[in-house]
Amino acid sequence: MTKIIELSVPPTDLEVDHWWAALTAARTADLPQLPAPSRGEVAGRLRVPPARGRAVHWASEEAIASLLLFEDGSNEHTAHLDLLTVRPDARRRGAGAALWQRIRAELLAQGRTSVSVEVDLGGPGEAFARALGFENVLPMAWYVQDVREARARFGAGAPASTPTPPGYELLCWPGLVPDAWAEAAAVAHGAMEDAPSGDLDQRVQTWTAERLHASQRLILARGGALTTVAAITPEGEVAAYTELVLPDPAGPRALQYDTVVAPAHRGHGLGRAVKLRMLAQTADHHPALRHIATSVADDNAPMLGVNTALGYRRERGLGYFQLTL
């Protein structure tokens, strides 16, 4: 019988090492084109609690899993399975199924009626999720930009080289968005409400300056690096923004988080402008960066168009899967 333990709060060094080894082995087998996670990145995610709820981490000798139980005032009916991974040399022996039964018991005990998970399409995760009854409610894909190729193509070697659409100014904020701009940036985040969300069983929260800073502090506390580029108006409105996150600041791969243009400012090339400015900004601050990855819903045609024009290529399919309990 598989022995499953719940990790300590915070996890011990031995628990972090076990988690890191299992995750690295799975990443190397399933996604060899991606860099292995650093130990610091893994430790940060395990030891720093999430901003939107409570995380529970489990491990057996063969597998690891992490569950986020939302406690944000709007989504206490659901949860997100951040991770369920079985070591490649231990697959098809029931370790994943045993861990899932522990997760399902926790979900029911907490009164959750649904759970979601992001799954790479075509791999062992998709087959496992579908066997459990999960359905793909939001088809997506990962897209990747080669940083050096893009800089050469667009001449984005320095921030001053970035063209700015008339009537706007581009500002760059490493770390937290400054207090003076936090409220305006939170309003701009609200424009994400019209982004495709499929049939995902999560209620949209209202963005505030406090919520914005809480989400950004989480990235920094976990050892990551965060940069925001915003297009602002003379009236002090954040018309567009993009966020870049490096889970490992010294690593070769970054994640493009949100890129948003407020409805009243669409059609002026602001999405392209903030992304190009971000590309230039990384030249000085993250010289080891080689790739920027972002996930986009299949029916988000405007963002797919912007990314294609900037040289992003489709890397692999992705789905937001969901199960009703």
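Derivation of every value follows stated rules applied to the coordinates shown; laboratory data play no part. Owing to the predicted nature of the structure, the values given are computational and were not obtained by experimental measurement. We place every Cβ from the backbone using ideal geometry, glycine too, and count neighbours over all the protein chains shown.
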Cα long-axis angle, helix 270-285 against the chain (0 to 90 degrees, to the nearest 10): 80
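Highest first, please rank the peptides 311-317, 277-283 by the mean number of other Cβ atoms sitting within 10 Å of their residues. List each step's numbers first, then the result.
Values: 311-317: 16.4, 277-283: 21.9.
Top to bottom by mean Cβ count within 10 Å: 277-283, 311-317.
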Give me the three principal axis extents of region 5-112 from the C-alpha atoms, as integers in angstrom, largest value leading. 38, 30, 27
Total formal charge among the other residues, if their Cβ is under 14 angstrom from that of GLY167, Lys/Arg +1 and Asp/Glu -1: -2
Please state the relative contact order of the chain as a whole percent: Cα pairs under 8 Å, 6+ residues apart? 23
For the chain, built as a Gaussian network whose Cα springs stay under 10 Å, the top-fluctuating residue of ALA25, ALA127, ALA262: ALA127
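Please list 178-187, 110-119 highest first by mean number of surrounding beta-carbon atoms within 10 Å per residue. Please report the intermediate quantities before stating the final value.
On the way: 178-187: 16.5, 110-119: 18.2.
In decreasing order of mean packing, 178-187, 110-119 become 110-119, 178-187.
Work out, in µm²/s and without decimals, the Stokes-Einstein translational diffusion coefficient of the chain at 20 °C, 1.002 mPa s, Rh from Kirkwood over C-alpha pairs.
For the chosen part, D equals 103 µm²/s.
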Among ALA254, THR233, ALA221, whose Cα projects farthest towards the positive end of the dipole of region 212-284, with charges put on the beta-carbon of Lys, Arg (+1) and Asp, Glu (-1)? ALA254
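For a quick check: sort TRP19, TRP207 by the number of other beta carbons within 10 angstrom, fewest at the front. Working shown, then result.
Details: TRP19 24, TRP207 19.
Ascending number of Cβ neighbours within 10 Å: TRP207, TRP19.
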Distance (nanometres) between label positions extended 7 Å along Cα→Cβ at ARG104 and LEU14: 3.1
7 Å from Cα along Cα→Cβ at both ALA51 and LYS3: what's the point-to-point distance in nm? 3.9
